[in-house]
Amino acid sequence: MKKYFVFSDIHGNLKPLVKALDEAGFDMDNENHILLSLGDHFDRGIENLKVLGYIMYFYRLGRIKMIRGNHDDFLLDFLTGKSDGVFNIQKNGFGNTLIEFAAKDATTIPLMRDSINQRFPNLIEILESMQDEFKLGKYVFTHAGYAYSNERGWYVYNFAPTPYFLKHFDTKDNYYVFGHAHASAMNYYELGIESNDIFEKGNFIGIDANTVYTKEVHILVFDEIGNRLK
């Protein structure tokens, strides 16, 4: 039976991910061990290129499912020319990713874009293959949960405002697992406790460990029919 090892928001930090997966029992050589990432693979950290190599390895093997986080959208929009990336370079650590991915002689933003697309010709394909949500039994996995509008009702949004989602969304019998919002902040503001442990409130589970600063990664483990094993 397959096992799914769930993580989120590693933001260019491979070593903490590998350590956490090892502690959770992940076996790189076991074809029944599947990675499930809830997005935000790059930016801010300094191992973005190693993270890319890692996810590309399992992508080729068909052993990783990926949700597209807002930072993954930043990269996709840049590579396809929808964004010049300047705001995200200034505010969201995107410059670290560009420096690692582009050739050293690519000294302007257009040259960086061309360089990355030439060096990694299937990167756009990988980013476009990322899903909005993934389901295992009664567990629903997204990057940031759901947002609400009068026109659309509730919809998956990788920049969803977490407090509104937690307060107003009707989970019914399902459990909603997400990243994006730091578990430590939600534990403090929603539960009144100071802890960076996995956030759990009702049927909501938040697993963003703020890896850039804590060097920790939260891992959940499920079997293929949706039983939570860890």
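Output the qualifying pairs, or none if there are none: Cβ atoms under 7 angstrom, residues six or more apart or on different chains, first residue in region 49-77 and within 17 Å of Phe141 (Cβ to Cβ), second residue aromatic (Phe, Trp, Tyr) and surrounded by fewer than 18 Cβ atoms within 10 Å (Cβ to Cβ). Filtered contacts from region 49-77: Ile64/Phe58; Asn70/Phe159. Being in contact with a strand residue (DSSP E or B) (Cβ under 9 Å, 6 or more places away or on another chain), under 28 Å from Ser184 (Cβ atoms) and not assigned by TED's automatic domain parsing to the domain that holds Val177: is that true of Gly93 here? Here the answer is no, as Gly93 does not meet what is asked. Per the listing Glu151, Glu125, Glu100, the residue uniquely under 26 Å from Val177 (Cα atoms), in a helix (DSSP H, G or I) and at pLDDT 95 or above is Glu125.
Would you tally the residues in region 103-114 being crowded, with 18+ Cβ neighbours inside 10 Å and either assigned to a loop (DSSP other than H, G, I, E, B) or of a type in the set (A, V, I, L, M, F, W, C) (or both)? So that I can check it myself, show each step before the final result.
Going through region 103-114, the residues crowded, with 18+ Cβ neighbours inside 10 Å turn out to be 106, 112-113.
Subset that is either assigned to a loop (DSSP other than H, G, I, E, B) or of a type in the set (A, V, I, L, M, F, W, C) (or both): 106, 112.
Count: 2.
Just to be sure I understand, how many residues within region 78-124 are closer than 22 Å to Met56 by Cβ, in contact (Cβ under 8 Å) with a residue 12 or more places away in the chain and β-branched (Val, Ile, Thr)? Residues in region 78-124 being closer than 22 Å to Met56 by Cβ, in contact (Cβ under 8 Å) with a residue 12 or more places away in the chain and β-branched (Val, Ile, Thr): 4 in total.
Of all residues in region 1-57, those satisfying the criterion of being among the acidic types (Asp, Glu) and either buried (at least 21 other Cβ atoms within 10 Å of the Cβ) or within 16 Å of the chain's Cα centre (by Cα) (or both) are Asp9, Asp40, Asp43, Glu47. So Thr214 ticks every box in (1) modelled with pLDDT of 95 or more; (2) more than 30 Å from Ile99 (Cβ to Cβ) but one. Which box is left unticked? Answer for Thr214: the failing condition is (2). Tell me which of these Val140 doesn't satisfy, since it passes every other one: (1) in the same structural domain as Arg44 (by TED's automatic domain parsing); (2) hydrophobic (A, V, I, L, M, F, W, C); (3) in contact with a Phe, Trp or Tyr (Cβ under 8 Å, 6 or more places away or on another chain). Looking at each condition in turn, Val140 falls short on (1).
The values are calculated or read from the model by the stated rules, or taken from the named source; none is laboratory data. Nothing here was measured: the structure is a model prediction, and the numbers come from that model. Every residue, glycine among them, receives a Cβ derived from its backbone with ideal geometry; neighbour counts consider all protein chains shown.
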